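Reading through the structure tokens given below for one structure.
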Amino acid sequence: MTGDLLAAGIAAPIGLPTAKVLPQGVRNMTFLGVMTAPTERYSASSSIEPLGQDFNQELSFKKILEGELDPIKRGQLRQKMLAAGLDEEDSFGVSLGEVNAQVQASIPVFAMGMTKRWTAAIAVPVKKIRVNIASSVLHSNQSVHAAFANILGNTGAGGKKVEFEDKIGDPINEKLEEYGYAPLEESEEYSRLGDILLINKFKTFENKFHLTTLNMSISLPTGKAADPNKLVDITGGDGQTDLELGVLHDFKLTGPLTLTLAAHYRLQFSDHIDTRVPERRSSRISPDVENNIARDLGDIGKIEAALSFSFVGVTLAAGYGLQYKNADKYTGQAYASERYEWLAKDSVQNMQSLQLFMGYDTVSLYKQKKFFAPMGVGLNHTRILAGKNVVSSPLTTFNFKLFF
Amino acid sequence: MQLKSLFLLSSLFVFASCDEGFKKFFGADLKDPHLKRKKFDVLYPKPLLVNREVKQEIRDATFLIYANPQDFNTFVYLPNPKEWFDLFKFLDYKMPYLGIQADLENIEKAERLVLEIQSIGQARDDAFLVTQSVALDIAGMDREKLSLIKTLKKDFTRYKCFPLISDKKKCKLKKDLETINNVKTYKVKGSCLRIKQAVQRIVDLSITANPAEFAKFNKGIDQCQQIKKLSDLIEPLEQKAAPYGLVRSQGKQFVTDILEKLQTDTGALHLAIISSLLEEQEAERDESPIPPRSQIQFNKAKTAFNIFKLFIDFGTDGYREYSLANGKVEQLNIVEIKPGIFELSFVLHAPEHRTEASLTLNFHDPDLSRLPLSEVHQTTQKNIFGVRMIGTTENFYLDGTMRHGVVKIELDYL
């Protein structure tokens, strides 16, 4: 649950691939407005679950004992459990949580045809993030509660009783406080700069039916990594440098139809971050923060196919994308090596996505001198068809572009 | 025309993107949480019994320090299984055999040690409850009759007497010319009639015993049936309570053994003895030097202390005073953390560590009945524990190590 919900690893595509480059000297300014409201994700087993799924925990003694890291407190708790005539399966109810977010990204992109074959671009994403977080508890077994509270009262452990009632009354916030996290904000709104992207496209081949382009992009670490003291932190980017290489090929089919195939490989360079190191495999929540841990995010492979229909400035298109990301790797010094492996748990990702696009541009009219400027608008909608460890919510992108 | 269309289209997208309906259509609206909530009603105890007077002398106390996982590298503790099950046989829950074997992880060893010691504490508490319940039941019975039972039992169940030469069924306690030379031992079993016959057999009882004792004997014989009934009530109680009395001493021995072994392994102190009335009794029984008496006196409102003086043996140089007066106890406070729950905290400077203690103050209500623990005290509805202060400690050693511990101090009501 902790950390970055959207930026690290695989993200849903916000535009269809194209092998086209700008003519030499032509400049293009595009404004992308991206909207999404994540509430669900694909789990490690590829099933859809709420973003706040990790909050939903059984308040059984088994879970409570697992969550108590101090062996002395665990021994005391186990003894009281036995004295109350209860066992590990006995439960007080469930803790519940919900995370709903809305992310609106504004991405100005400036592109220029540097030569006939080479187009360079820079994209500066800025995200406006709104998050609603709620936690709750659904107590159910009155008899278990009565037996345990009675034992604490009878043995004179009144202070422990207060502590216990507080813990099961608000288990999520109590645990966060115990572990030194910032309290959950019910509603939060903030803006973050994302990772700035430098894009280069090189046209390598073109004839009447084919256009092939090589792509090289560099993602700069301008986004800030997730705050280790915030349980839910939607960041602007992952704060780390990436190099993406790709090849795009347009098949100009009959008339206005174009089929684009693309393949990309994104190399994520290693860096150092401050983060929490899990104490257990089953939970990433931990009291232990380690600074300057070596992080090597897994590389990402992506293939895409898109079919577009363009006629007198109107474009209708659809595309399919498949992405796969390797496991992350963390290396630290302060704790046992397996704890760094747990940090990388569920970092293998995959995503299948479908994009639908409709747009209109005046380029052909401008070329016919029927319109004073070449410009266009478009609306792209992305649906996540399947995935693993990725957000599943749909995403919509509006774009406005102007050539000059 | 086209410019107008393009402008309209872009404006539509820009303005629509700010519209909630538009966002909803594209699944981009921020949803409000909709979680259900249901919480247990929490009941805390009645407020402090401030009107009840408390004795100054500490009845019983415990001070022990647990070990950290890293202390357990070589620690192994395998108690005798029979002694183990004997110790826990009266517990309300099943306590499996939990030896601390060499192949356990240190963290498991640390948890087991706590579970064992806490369970021993529970067994000792239960035993105390039973033995004290029985003692209070017996103390509540007719004291005069109880005294008669003791007298009768002492003097007439087994006595020596010289038979008369003239009537061998009668005898004298003192030998003279009327008696034969050989003394006879009479054993009296069972009924009041037999005891009556035994007394009637002694012809010189009125002369040998002093008048008061003689009157007591006669009264005892007259009320024998009543006394016998009382005795029949008490004896089973005493018999049933007897093994619980053993549990307390066995438990203490277990804890002492395990913590002394730990002290040998870690080289750090884990067990200290706070002087108490029970320690005094033990010292008397063992004919050891009587420890100085620890004392605690609350103010009238029970919100502070007039006296807080503990004599503690930290295993270095015998009992030493730890009090506010000599500065070895500091920051002594009572704070109400919830309505009816009061917490006592203090800092104590021991020879090898500094202890920061936090204890819950429990003024057990004498009118409250406890859940029965066993058939032995099902009938007793009495306050047993009196005033109980129980809690945890953090112990900071000179080498920078911190170890958790527990402390308990008990006092009786006047």
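The values are calculated or read from the model by the stated rules, or taken from the named source; none is laboratory data. From a predicted model like this one, the values you see are computed outputs, not experimental measurements. All Cβ positions, glycine included, derive from the backbone under ideal geometry; neighbour counts span all protein chains shown. Accessible surface is based on the protein model in full, side chains and every heavy atom, while ligands, DNA and RNA are left aside. Shrake-Rupley method; radii C 1.70, N 1.55, O 1.52, S 1.80 Å.
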Worksheet item: Checking residue A:149 against (1) within 14 Å of chain B (Cβ to nearest Cβ); (2) out of contact with any Gly (no Cβ under 7 Å at 6 or more places or on another chain); (3) open to solvent by 60 Å² or more (accessible area, probe 1.4 Å), which test does it fail?
Response: (3)
Response to the item:
The condition of being within 14 Å of chain B (Cβ to nearest Cβ), open to solvent by 60 Å² or more (accessible area, probe 1.4 Å), without any contact (Cβ under 8 Å) to a residue 12 or more places away in the chain and not polar (S, T, N, Q) holds, among A:163, A:206, only for A:163
Fill in: In the range A:109-156, the residues that are assigned to a loop (DSSP other than H, G, I, E, B) and of a type outside the set (Lys, Arg)
A:114, A:115, A:124, A:125, A:140, A:141, A:155, A:156
Item to complete: Looking only at the range A:264-282, count how many residues are open to solvent by 40 Å² or more (accessible area, probe 1.4 Å) and either more than 23 Å from the chain's Cα centre (by Cα) or in contact (Cβ under 8 Å) with a residue 24 or more places away in the chain (or both).
Response: 10
Practice prompt. Could you check the range A:203-279 for strands (runs of 3 or more DSSP E) lying wholly inside it with 3 or more residues that are aliphatic (A, V, I, L, M)?
Written response: A:210-219, A:242-252, A:257-268
Item to complete: Within the range A:85-97, track down each residue that is more than 8 Å from chain B (Cβ to nearest Cβ), in contact (Cβ under 8 Å) with a residue 40 or more places away in the chain and assigned to a loop (DSSP other than H, G, I, E, B).
Response: A:86, A:90
Item to complete: Taking the residues in the range B:315-338 that are of a type in the set (Lys, Arg) and closer than 22 Å to residue B:64 by Cα as candidates, determine which candidate is nearest to the chain's Cα centre (by Cα).
Response: B:320
Worksheet item: Which of the residues that make up the range B:180-198 are modelled with pLDDT under 80, assigned to a loop (DSSP other than H, G, I, E, B) and more than 16 Å from residue B:226 (Cβ to Cβ)?
Response: B:188, B:189, B:190
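Residue-by-condition table, conditions (1) modelled with pLDDT of 85 or more; (2) under 30 Å from residue B:126 (Cα atoms); (3) of a type in the set (A, V, I, L, M, F, W, C):
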| site | (1), (2), (3) |
| --- | --- |
| B:2 | no, no, no |
| B:15 | no, no, yes |
| B:32 | no, no, no |
| B:70 | yes, no, no |
| B:89 | no, yes, no |
Worksheet item: Condition test on residue A:102, is it touching a Leu at 6+ places or on another chain (Cβ under 9 Å), at negative phi and either modelled with pLDDT of 95 or more or assigned to a strand (DSSP E or B) (or both)?
Response: yes
Worksheet item: Which residues, counting only those in the range B:248-278, are open to solvent by less than 60 Å² (accessible area, probe 1.4 Å), over 20 Å from residue B:329 (Cβ atoms) and assigned to a loop (DSSP other than H, G, I, E, B)?
Response: B:268, B:270
Worksheet entry | Exclusive hit being touching a residue at least 60 places away in the same chain (Cβ under 8 Å), more than 14 Å from chain B (Cβ to nearest Cβ) and open to solvent by less than 20 Å² (accessible area, probe 1.4 Å), set A:300, A:293 | A:300
Worksheet item: Looking only at residues in the range A:357-392 that are touching a Gly at 6+ places or on another chain (Cβ under 8 Å) and surrounded by fewer than 18 Cβ atoms within 10 Å (Cβ to Cβ), which one is nearest to residue A:322 (Cα to Cα)?
Response: A:358
Worksheet item: Which of the residues spanning the range A:39-72 are more than 22 Å from the chain's Cα centre (by Cα), facing chain B (nearest Cβ under 10 Å) and at pLDDT below 90?
Response: A:68, A:69, A:70
Practice prompt. Mind listing just one residue for me: the one in the range B:279-300 that is of a type in the set (A, V, I, L, M) and open to solvent by less than 50 Å² (accessible area, probe 1.4 Å) and, of those, farthest from residue B:63 (Cα to Cα)?
Written response: B:283
Practice prompt. Scan the range B:312-343 for residues that are in contact with a Phe, Trp or Tyr (Cβ under 9 Å, 6 or more places away or on another chain) and within 14 Å of another protein chain (Cβ to nearest Cβ) and jot them down.
Written response: B:333, B:334, B:335, B:336, B:338, B:339, B:340, B:341, B:342
Worksheet item: If you go through the range A:280-293, how many residues are part of a strand (DSSP E or B) and either farther than 27 Å from residue A:12 by Cα or modelled with pLDDT of 95 or more (or both)?
Response: 6
